[in-house]
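Written below as structure tokens is the structure these notes are about.
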Amino acid sequence: MKKRFIILVDFSEYTSNLIRYACDWSKQANADLVLVHETIVIAPSLVDIAIKEKITQQASNAAFQKMKALTDEFIPASIEVSFVISENHIQTTLNNLLAEPFENFIFTGLSGTGLLKQLLIGSMALQIIENVNDIVIAMPKDLYTFSHEKIFVAVTEQHPLNILELNKILNIMDKAETCITFFYLAKPNEKTEGIEKLLTDLANLFADRYQTKTAIYKGRKRIEDIKKVINNKEEELLIVQKGSRLLTDQFFRKFLINELVYEGQTPLIVLP
């Protein structure tokens, strides 16, 4: 099935790097690019329908010109790219795209402290993660070159990894010099015998294709310990299963998004 990278574009200062990163990855994955934008129409509530339609069309035309300029600057002519511009809610547009016969990967940006505060109560990025059944790749602001020498996969017992989707994302990465670490973030005094076996089984499952490792971070300094490992390097990726504690628990979500993804500049991949 043809692969397609769906890039959510809001024309913020982070949009250019998001497009550059997805474009760089698409060369290796042989994926088409689709830039998606939700047009926000600002018009008085009592305005005539015809006038509102005209305002909407003007906003859509302006968005098209911005997208065209971005693609001309950052996307080579050899890569297939298309635009979807709609005044419909972004979730509606996504649902229509995801119903089409493609292997889809959704790219969205994370943009600093203001958005991070929203992430704790349900931002656009988290709504998309929760409401779609496809892989979502959430990007910090400063990365624009795809690299994946070190992949960290968060594991929990309550929400097992979707192995099919994990393979789906790994299959669009070069296997050369790639190390995958399956890790668990334990509570203080938590017994970890069961999770140790699970981590080992996962490492063995992928050992024929990649260098694999396991790690358990426990005790009161577990947050500091994991930050020493996932340590602000451009070649790192962090993979998390949807529904896991790292995304649902407010404390862990703040740590994951703020300190690892945003401050650490580590792309976050969420498996459905």
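Taken together, the values in this text are just the output of simple stated rules run on the coordinates, not laboratory data. Just so it is clear, the structure is predicted and the values come from calculations on it, not from any experiment. Glycine gets a Cβ as well: all are built from the backbone with ideal geometry, and neighbour counts include every protein chain shown.
For the listed peptides 190-196, 82-88, a ranking on the average number of other beta carbons within 10 Å per residue, highest first, reads 82-88, 190-196. When peptides 6-15, 175-184, 56-65 are ranked by their average number of other Cβ atoms within 10 Å per residue, the highest-first order is 6-15, 175-184, 56-65.
Under a Cβ-Cβ cut-off of 13 Å, what is the net charge of the residues other than residue 272 that fall near it, where Lys and Arg count +1 and Asp and Glu count -1? Counting the neighbours of residue 272, the net charge comes to -2. Over 21 Å between Cα atoms, which of 2/168; 3/66; 175/242; 3/27; 3/213 qualify? Violating the 21 Å limit, Cα to Cα: 3/66; 175/242; 3/213.
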